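Since the structure comes first, as structure tokens, the remarks are kept for the end.
The values are calculated or read from the model by the stated rules, or taken from the named source; none is laboratory data. Just so it is clear, the model here is predicted, and its values are computed rather than measured. When we count neighbours, we look across all protein chains shown, and the Cβ atoms used for this are built from the backbone with ideal geometry, even at glycine.
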Amino acid sequence: MPYQWILFDADNTLLDFSRSEREALQLAFEDAGLPFDDAHHALYHRINKACWEAFERGKLGKESLRTRRFELFFEAIGREEDENRFAETYLSYLGQTGHLVEGALSLLQALDGRCRMAVVTNGLKEVQRPRLAQAGIEGFFQAIVVSDEIGRSKPDSAFFEFTFQQIGHPPKESVLMVGDNLHADIQGGQDYGIPTCWFNPSRQNNEGDARPRYEIGRLVELLDIL
């Protein structure tokens, strides 16, 4: 194996966040007695993505993130709702989902015992850890680092430094970061000085400054690299 450690992002790399997000949002709508359709999911997805990007750039605090996205969402659809209560309901349902990206389980099984693996995720602790458990994959990892628990998030180098403390400070060239987010995962890993692999199943164009060493469209392709 060319790498001693593989650091995996969680959402939309190993865990199918898009599916979980829609499922949890629909259930929260039903609890609130509100009609739900695909347009609601698409709108919320855009707002949530923008809020997380602001959080990763240090422009939005963790506590604000929890409710601001729902405040903006309900403003956009012209409804007055208790965003705090709705956020609690949504996060509760989200934590109960454990959908995997296609090929995630077989990849982890193939790598198990050949290298060490860790999950490094930007997310809320009450959501990410239950989802990993629901998916049945937490046993594959020697370390799980959740931004909410350490007060730092990708792409901050302090997040990666904490991760390296947890995994025993191996040589940086022996650690590969795998993730779908060019800013948080690829730019973050690049800035910290470790090789990166961009998981890009939708074949997006890379128009930023992040320069992954590898790019894959399916998780199974990582085995060809390794």
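Just so you know, in region 72-91 the residues that are touching a residue at least 12 places away in the same chain (Cβ under 8 Å) and small (Gly, Ala, Ser) include one that is nearest to Arg129 (Cα to Cα), and it is Ala87. Taken over region 26-36, residues that are surrounded by 17 or more Cβ atoms within 10 Å (Cβ to Cβ) and small (Gly, Ala, Ser) amount to 1. Taking region 48-107 as the range and being touching a Pro at 6+ places or on another chain (Cβ under 8 Å), under 15 Å from Asp148 (Cβ atoms) and not in a helix (DSSP H, G or I) as the test, only Gly95 passes.
Selection of region 108-120 for residues being touching a residue at least 60 places away in the same chain (Cβ under 8 Å) and part of a strand (DSSP E or B) yields Cys115, Arg116, Met117, Ala118, Val119, Val120. Identify, please: which residue in region 172-197 is surrounded by fewer than 21 Cβ atoms within 10 Å (Cβ to Cβ) and either free of Cβ contacts under 8 Å to residues at least 12 places away in the same chain or not in a loop (DSSP other than H, G, I, E, B) (or both) and is, among those, nearest to the chain's Cα centre (by Cα)? Among those residues, the one meeting the criterion is His183. Checking region 146-162 against the condition returns no match, with no residue being charged (D, E, K, R), in contact with a strand residue (DSSP E or B) (Cβ under 6 Å, 6 or more places away or on another chain), in the same structural domain as Lys125 (by TED's automatic domain parsing) and in a helix (DSSP H, G or I). Of Ile144, Ile150, all but one fail to be more than 19 Å from Thr196 (Cβ to Cβ), more than 15 Å from the chain's Cα centre (by Cα) and of a type in the set (Val, Ile, Thr); the exception is Ile150.
Among the residues making up region 1-25, those that are touching a helix residue (DSSP H, G or I) at 6+ places or on another chain (Cβ under 8 Å), part of a helix (DSSP H, G or I) and buried (at least 17 other Cβ atoms within 10 Å of the Cβ) are Ser20, Glu21, Arg22, Glu23, Ala24, Leu25. Residues in region 168-226 that are among the acidic types (Asp, Glu) and either at pLDDT below 95 or under 19 Å from Gln109 (Cα atoms) (or both): Glu207, Asp209, Glu221, Asp224. When region 204-221 is filtered for residues that are over 18 Å from the mean Cα position of the chain (by Cα) and closer than 17 Å to Asn12 by Cβ, the ones remaining, listed by number, are Asn206, Val220, Glu221.
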